[in-house]
Amino acid sequence: MLRRFRDTRVEILAERNTKGENKRKKRKGRKRRIKPFTLAIIIVILLVSGAYVRNIVKLEIEHHQLVEQNKDLKEQRRRLRIELKNVNSREYIEDQARKQLRLVDPDEILFVFPDDKKSNSDSGSDSTN
C-alpha cells in the first residue's frame, strides 16, 4: 500500500511538473504576442501625446501673439482717447484744417513744393534729353 501511495504521489508530481512546463511555454508564447501589441499601444500613446503637446505649443504661441496685439490695441485706445478730448479744441480743428484741407488764414501765403521723389524723377528725365 505504501508503495502504491508513493507511485501515485510520484505520478502526481510528474504530472504537475509537465503541466508547469506547459504553462511556462504558453506564457513565453503569450509574452511574444503581447510585445507587439504593447509596442503598438505605446506608439499610439506617444502619437496622441505628441499631438497634444504640439497643440499646446501652438496655443501658447497664439496666446503670446494675442497678448501683444491686446497691448498694441490698448495703446491705440489710449491715444484715441487723448485725441477725442482734443477734437473740440480750437487748436486741433485749426491743425487738422491746415493738414488735411490745406487751409490758411487770410493773411498767410501757402507755398506748395513738389515732392522730392517727383523732382528727382523729373530732373533725371531732363538730363537724358
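The values are calculated or read from the model by the stated rules, or taken from the named source; none is laboratory data. Just so it is clear, the model here is predicted, and its values are computed rather than measured. For the accessible areas, the whole protein counts, side chains as well, though only heavy atoms, and no ligand, DNA or RNA atoms are used. Shrake-Rupley method; radii C 1.70, N 1.55, O 1.52, S 1.80 Å.
Residues 66, 84, sorted by accessible area with the largest first, give 84, 66 [1.4 Å probe; ligands and nucleic acids excluded].
Computed over the alpha-carbon pairs of the stretch 62-103, the distance histogram in 5 Å steps reads 6, 21, 15, 15, 13, 11, 9, 7, 3, 0 percent, short to long. Share of the stretch 39-113's accessible area from carbon and sulfur, percent, 1.4 Å? Here it works out to 62 percent.
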